[in-house]
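Student: Dropping a structure here in C-alpha cells format, bear with me for questions.
The values are calculated or read from the model by the stated rules, or taken from the named source; none is laboratory data. Source: prediction; values computed, not measured. Neighbour counts are summed over all protein chains in view; Cβ atoms, including those assigned to glycine, are modelled from backbone coordinates with ideal geometry. We work out accessible area using only protein heavy atoms, side chains counted, and drop any ligands, DNA or RNA first. Shrake-Rupley method; radii C 1.70, N 1.55, O 1.52, S 1.80 Å.
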Amino acid sequence: MKPLTLFVLLIPASLGLFGASLSLADASLEEATRADYKEHLGALFLYFHRNPELSFQETETAARLAKELRKAGAKVTTGVGGTGVVGLLRNGEGPTVLVRADMDGLPIREESGLEYASTRSQTEADGSEVPVMHACGHDVHMTSLVGTARRLMAERDRWSGTVMLIGQPAEERIGGAKAMLEDGLYTRFGVPDYALGLHVMTGGATGKVAINAATTASSADSVDLVVHGIVSHGAAPQNGKDAVYIAAQIVVALQSLVSRDLNPLEAGVVTVGSIHGGRKHNVLADRVKLEITVRADTEVVRQNLLSGIRRIARGVALTHGVAEADLPTVEVVESTPPNENDPTTVALVKQAITGELGEDAFYTLKRESMGAEDFAYFVATEEKVPGAYFVVGGSPPAVLAAAAEGGPPAPVHHSPFFKVEPEGSIVTGVRAMTAAVMELLPAK
C-alpha cells in the first residue's frame, strides 16, 4: 500500500477549505483525521444525530451533506433518486471509485440517554406524526463520507482519478439505491470501476474493522399477499368464502418453504409480519392482507422462495374453492438482492486497511441474522461493479468487555437505546475508507 502522509498545501488559511489540521506538516492520516474530528467532524456528527429524517424525506440532511461535500471540493448534484446526493472529486485521469453513505433515520423515539439525543418528529406518508432517530448509525456514515472527502482532497497530489461520493436516501426501506440508479446515476455520472461502503456496528470495538470476501447481507423482499373471499354471515359460512380462514392456512403452509423446500444447508427466512382483515365478529371477511418479509443469501434461493409463496397462495385458495378470478394477489413492493463482496476488491481493501490500521485491526463479524443492505444495487447492475462493503466497530472496548462478563450488552441496532462512540467510529471509518480509496486509484 502507498504510505499516507499529508503535505502542506499552498492555500490561504482564510479559505478554510479543509480545516486547520492541514497546517500540520508531515501529519499522519490518523493525526489529521483526529484533528479534523475535533475541529469539524464532531460538530457535524452532532448535527446529523440531532436532525434525523425519514426515508425519502431527507431534505435537510441532503442539503447539509451537499454543502459539506461542496466545501470539501466536490462538484455536487442533488435530487438524484429523490433526495440523493452525488459529489464528484475529479483529479485527473484514472478509475472511478464510488463511496456510499446512507442518510435516513428510523421512526423510533430515542431513549439513549445521550445529551444530544434526537427529539425530532416527522409526518409519515399516511399522515401520522412519528418520532425519528438515527438508530442504525447513518449519522456516522455521512460524517465519515465527509471526512473521507476532506482527507482525499488534502492528499490529492497522491492519487489520480475520480471519487463518486454518494449520499443515498431510504436505505431503511431498501429503496434508495434503486431509485438513484433508476434516475440515471450511472448514465449521468459514469459507471464506477469500484464501489465501497461501510457500516458502523455496535458489536465491534472502536478501532476495529471487519471485512469478508463473501455474502455480507441477505436479500430482502417485502411481499404484500392479498387473499380474496366472499362475504357471508358468520353463522352461514357455506354461503361465502372465508378469507381469514384461507389466509391462516396460507400462513401455516408458507413455513414449509424453508423447512421442506430448501436444502437444509441453505439459509432462508419467510416471516409473516402482519395480518389485516375482517370487519366484524359475525361477518366472513372478503379481504385479508398479509405482509411478508423474505430473506436469502443467494439469488437462486431468493427466487425459489418468492415463487413458492405464489404457488402456495394459489394452491391453498384453489383447495378451498376460490374461483380463478379471485385467487390471491402477490406483489413484491420493496426489494434488494444479496450483497456479495468481490474477493479481489476485498483483498485490495484489506491490504490498504492493514497498512493504515495494522494487522490487529480486524475482527471476525459473526452473522446472527439475515439483515439486508441495498448497497447491493450499486454492484449488482448489468455492469457488475466490483464492490467491497466493510464494518467499523462502534462500541467502546470497555462496554464489550463488561458485556462479556455478564454486564449490560451493547445497545443493538434499530433500538431506542442505540448509541455508538462517535469519535472512535468516525476516525476509524475515515482512515479505513481513505486508505481503501487510495489503494484503488493510481498514484500520480
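Student: With semi-axes √(5λ) of the Cα gyration tensor in Å in mind, check (1) 45, 22, 21; (2) 54, 23, 22; (3) 77, 29, 17 and report the label derived from this structure.
Tutor: Read-out from the structure maps to (1).
Student: Another question, if that's okay. So for each of 435-442, 239-246 I average, over its residues, the number of other beta carbons within 10 Å; can you give me the resulting order with the highest mean first? Please report the intermediate quantities before stating the final value.
Tutor: Numbers: 435-442: 22.9, 239-246: 19.2.
The peptides rank, most packed first, as 435-442, 239-246.
Student: Suppose each label sits 7 Å from its Cα in the direction of the beta carbon; what would the K38-Q255 distance come out to in nanometres?
Tutor: Between K38 and Q255, the label points sit 5.8 nm apart.
Student: Restricting to Cα pairs below 8 Å that are 6+ residues apart, what does the relative contact order work out to for the chain? Please round to a whole percent.
Tutor: 22 percent
Student: Right, another one. Give me the percent of accessible area attributable to carbon and sulfur for region 285-344, probe 1.4 angstrom.
Tutor: With neighbouring chains kept in place, the figure for region 285-344 is 49 percent.
Student: If you line up the long axis of helix 299-319 against the longest principal axis of the chain, both from Cα atoms, how many degrees apart are they, to the nearest 10?
Tutor: With both axes taken from Cα atoms, the answer is about 20 degrees.
Student: Which residues does the label zone of A235 cover in region 280-302, counting backbone N under 19 Å from a point 7 Å along Cα→Cβ?
Tutor: So the set is 280-285.
Student: For T293 and T77, FRET efficiency with R0 = 25 Å and r from the beta-carbon atoms, rounded to 0.05? List each step's numbers first, then the result.
Tutor: Working: r = 33 Å, r/R0 = 1.33.
Plugging the Cβ-Cβ distance into 1/(1 + (r/R0)^6) gives 0.15.
Student: Please give the peptides 166-172, 213-219 ranked by average Cβ packing (other Cβ atoms within 10 Å per residue), highest first, as a rough proxy for protection.
Tutor: Result, highest mean Cβ count within 10 Å first: 166-172, 213-219.
Student: Run the numbers for R310 and R90: contour at 0.36 nm per residue of separation, minus the present Cα-Cα distance, in nm.
Tutor: Separation in residues times 0.36 nm, less the Cα-Cα distance, equals 74.4 nm.
Student: What length, rounded to one decimal in nm, is gained on full extension from T59 through to D183, with 0.36 nm per residue of separation minus their alpha-carbon distance?
Tutor: Between T59 and D183, full extension yields 42.9 nm more.
Student: Of V80, G407, V427, whose Cα points farthest to the positive end of the dipole of the chain (charges on the beta-carbon: +1 Lys, Arg; -1 Asp, Glu; origin at the Cα centre)?
Tutor: About the Cα centre, the residue reaching furthest to the positive side is V80.
Student: Under a GNM of the chain (C-alpha, springs under 10 Å), which listed residue has the highest mean-square fluctuation: D261, D102, D193?
Tutor: Comparing D261, D102, D193 in a Gaussian network model of the chain, the most mobile one is D261.
Student: Tell me, what is the per residue accessible area of the chain in Å², probe radius 1.4 Å?
Tutor: Numbers: 18970 Å² over 444 residues.
It amounts to 43 Å² per residue over the chain.
Student: Of T162, L185, T202, which is farthest towards the positive pole of region 144-208's charge dipole, taken about the Cα centre with +1 and -1 on the beta-carbons of Lys, Arg and Asp, Glu respectively?
Tutor: Comparing the listed Cα positions along the dipole, T202 ranks first.
Student: Follow-up question, since we're still on this one. Nothing charged except the Cβ atoms of Lys and Arg (+1) and of Asp and Glu (-1): what's the magnitude of the dipole of the chain about its Cα centre? Round to the nearest 20 debye. Could you put the intermediate results ahead of the total?
Tutor: Working: 39 positive and 53 negative charges, 57 e Å.
Using only the charged Cβ atoms, the result is roughly 280 debye.
Student: Continuing with this model, one more query. Please compare each pair in K71/K384; K241/K280; K178/K384 to a cut-off of 22 Å on the Cα-Cα distance and tell me which ones are over it.
Tutor: In this structure, K71/K384 exceed 22 Å between Cα atoms.
Student: Students often forget the sequence filter, so: which aspartates and glutamates lie under 20 Å Cα-Cα from K289 once same-chain residues fewer than 8 apart are removed?
Tutor: Once the sequence-local aspartates and glutamates are set aside, what remains near K289 is D126, D221, D224, D242, E324, D326, E331, E334.
Student: Would you please give the FRET efficiency between S160 and H281, computed as 1/(1 + (r/R0)^6) with r the Cβ-Cβ distance and R0 = 60 Å, to the nearest 0.05? Each step should come with its number before you reach the end.
Tutor: Working: r = 72 Å, r/R0 = 1.20.
The value I calculate is 0.25.
Student: Calculate the length of the line joining the C-alpha centroid of region 259-316 to that of region 402-419, in whole Å.
Tutor: 32 Å
Student: Based on the Cβ-Cβ distance from K67 to E129, what FRET efficiency comes out when R0 is 30 Å, to the nearest 0.05?
Tutor: Taking R0 as 30 Å, the efficiency between K67 and E129 is 0.60.
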